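Scroll down for the structure; my scribbles are underneath it.
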Amino acid sequence: MDIAALVAWLVTAGGGFFLLGRWVAGGGHRPDSGSRLAPPLVFGHFALAATGLVLWIVYLVAGDGVLAWLAFGLLLLVALLGFTMFARWLPTRRAGGTAAVESSFPLPIVLGHGLLAAATLVLVLLAALDAG
């Protein structure tokens with residue numbers, strides 16, 4: 001379960017990193033970009049996810065159950081931020097406009113990222129419960 005969670009987290013991070021790169025390359029982080037995704041929200045999501053992933057890796061090496069629970073707690077925050085971003089992105093996608101850089105996000109990447117994130121959350125929870 002621990003390794004499955006790690007693999008799911010890494011694949012999820014890959015999709016998220018792709019979306020982040022596309023958003024930054026398109027200027028989404030600039031105040032005049034018209035993006036519905038606020039930079040603190042996007043970068044906070046990224047920073048918390050990366051921190052949680054590092055904690056998960058340290059948990060795998062050290063075997064300390066407290067680290068598993070800390071990683072899970074961070075992952076919950078990451079999920080809340082991610083859901084907020086999805087809710088802000090959805091009207092942009094439905095409008096079909098090109099005013100915001102995130103309107104060009106590939107739908108399969110966004111959906112895959114979200115679904116894998118949900119699977120990661122469940123796997124990390126199950127592993128944390130097993131860790132005690």
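No value in this document is a laboratory result; all are computed from the given coordinates. Note that the coordinates shown come from a computational prediction; the quantities given were computed from them, not determined experimentally. No Cβ is skipped: glycine too gets one built from the backbone with ideal geometry, and neighbour counts run over all protein chains shown.
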### Task
Tell me which residues, restricted to the range 1-24, are among the small types (G, A, S), surrounded by fewer than 19 Cβ atoms within 10 Å (Cβ to Cβ) and touching a helix residue (DSSP H, G or I) at 6+ places or on another chain (Cβ under 7 Å).
A4
### Query
Identify, please: which residue in the range 64-93 is under 16 Å from L19 (Cα atoms) and touching a Gly at 6+ places or on another chain (Cβ under 9 Å) and is, among those, surrounded by the fewest Cβ atoms within 10 Å (Cβ to Cβ)?
F83
### Query
Could you list, in sequence order, the residues of the range 27-63 that are surrounded by fewer than 19 Cβ atoms within 10 Å (Cβ to Cβ) and under 18 Å from A79 (Cβ atoms)?
A38, P40, L41, F43, G44, F46, A47, A50, T51, V54
### Query
Here is a list of conditions, (1) closer than 19 Å to A4 by Cβ; (2) in contact (Cβ under 8 Å) with a residue 40 or more places away in the chain, and V54 meets all of them except one; can you say which number that is?
(2)
